[in-house]
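Written below as structure tokens is the structure these notes are about.
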Amino acid sequence: MSASSSKTIGRAVLRPREQVEERIKAAILSGELKSGEMLPPETELARQFNVSRTTLREALRVLTSQRLISKVPGARGGNFVQSVDHESLGAVVIETVGNLLALGSIRFDEVADVRRHLEVPSVRLAARNRTDRDLEELGSIVAHQRRASIDDPDIPDLDRRFHSGIARASGNRVLASFVSALHHATEPVHYLDLSPEVGRETVKQHVRILRAITDQDPDEGEAAIVEHLVYLQKHLAAVV
């Protein structure tokens, strides 16, 4: 029998650190270890895995970098399982995109373009799937925006909440995580030439978007969000 026709039965043997990582990760993803649950003490874990404390700590550091566990210092601290859900996905995206922008590995306009492309399907889905609770939340935000002056410190947060609220109303949690995270990273209101006129027009556009979502009209919702995004792009100040 030739070597080329022989059956492959072998695979790379994991190093002790990798075995520890894989076992703990599997326990978290299977639900054997619950969100917020504290892992056994490091001395006990090292004994259970039959590895050195150094090997165990290396494995825990990797799991921490993957945001599967977090280390809390102090007498009552320890290693805790982090939440693994759509909200933690958003947190990872915010941190990663923020780091890449700071390093200059990606450009602001690239992130903003992706956010804008995601906001159109977000509004269309929200028009189909919104609940009364979603409408109440969005209506409250818009009402606050209509009362606010352009120098109100709440304006950036209100804008973030409006766009994130639409994304949540879409019913797609992954889409909501990405829209919220990318909006957080670009914070478009901070870069607007925010005159009273621009402020009033922006709120009017939010009202139109909300009306389309309320009426469950995806086409009108898309037209309204496109108008809004084009308007914002025209009034962006220089990005530094």
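The values are calculated or read from the model by the stated rules, or taken from the named source; none is laboratory data. As the structure is a prediction and not an experimental result, all values here were calculated from the model. Glycine gets a Cβ as well: all are built from the backbone with ideal geometry, and neighbour counts include every protein chain shown.
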**Item:** Set Leu45, Leu56: member being at pLDDT 80 or above, surrounded by 12 or more Cβ atoms within 10 Å (Cβ to Cβ), in contact with an Asp or Glu (Cβ under 9 Å, 6 or more places away or on another chain) and in a helix (DSSP H, G or I)
**Value:** Leu56
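Residue-by-condition table, conditions (1) within 19 Å of His228 (Cα to Cα); (2) loosely packed, with under 15 Cβ neighbours inside 10 Å:
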site: Thr131; (1), (2): no, yes
site: Glu136; (1), (2): no, yes
site: His144; (1), (2): yes, no
site: Arg147; (1), (2): no, yes
site: Leu158; (1), (2): yes, no
site: Arg161; (1), (2): yes, no
site: Gly165; (1), (2): yes, no
site: Leu175; (1), (2): no, no
site: His184; (1), (2): yes, no
**Qualifying residue in the range 105-114 (condition: surrounded by fewer than 17 Cβ atoms within 10 Å (Cβ to Cβ), over 19 Å from Gln216 (Cα atoms), among the hydroxyl-bearing types (Ser, Thr, Tyr) and modelled with pLDDT of 85 or more)** = yes
**Message:** Can you find, within the range 21-42, the residue that is farthest from Val92 (Cα to Cα) among those that are in a helix (DSSP H, G or I) and not aliphatic (A, V, I, L, M)?
**Reply:** Glu42
**Asked** So which helices (runs of 4 or more DSSP H) are wholly in the range 70-161 and hold at least 3 residues that are charged (D, E, K, R) and either in contact with a Leu (Cβ under 9 Å, 6 or more places away or on another chain) or in contact (Cβ under 8 Å) with a residue 60 or more places away in the chain (or both)?
**Response** 108-129
**Prompt:** When residues of the range 1-28 are filtered for being at pLDDT below 70 and among the hydroxyl-bearing types (Ser, Thr, Tyr), how many remain?
**Reply:** 3
**Asked** Just a yes or no: is a residue in the range 188-209 modelled with pLDDT of 95 or more and among the acidic types (Asp, Glu)?
**Response** no
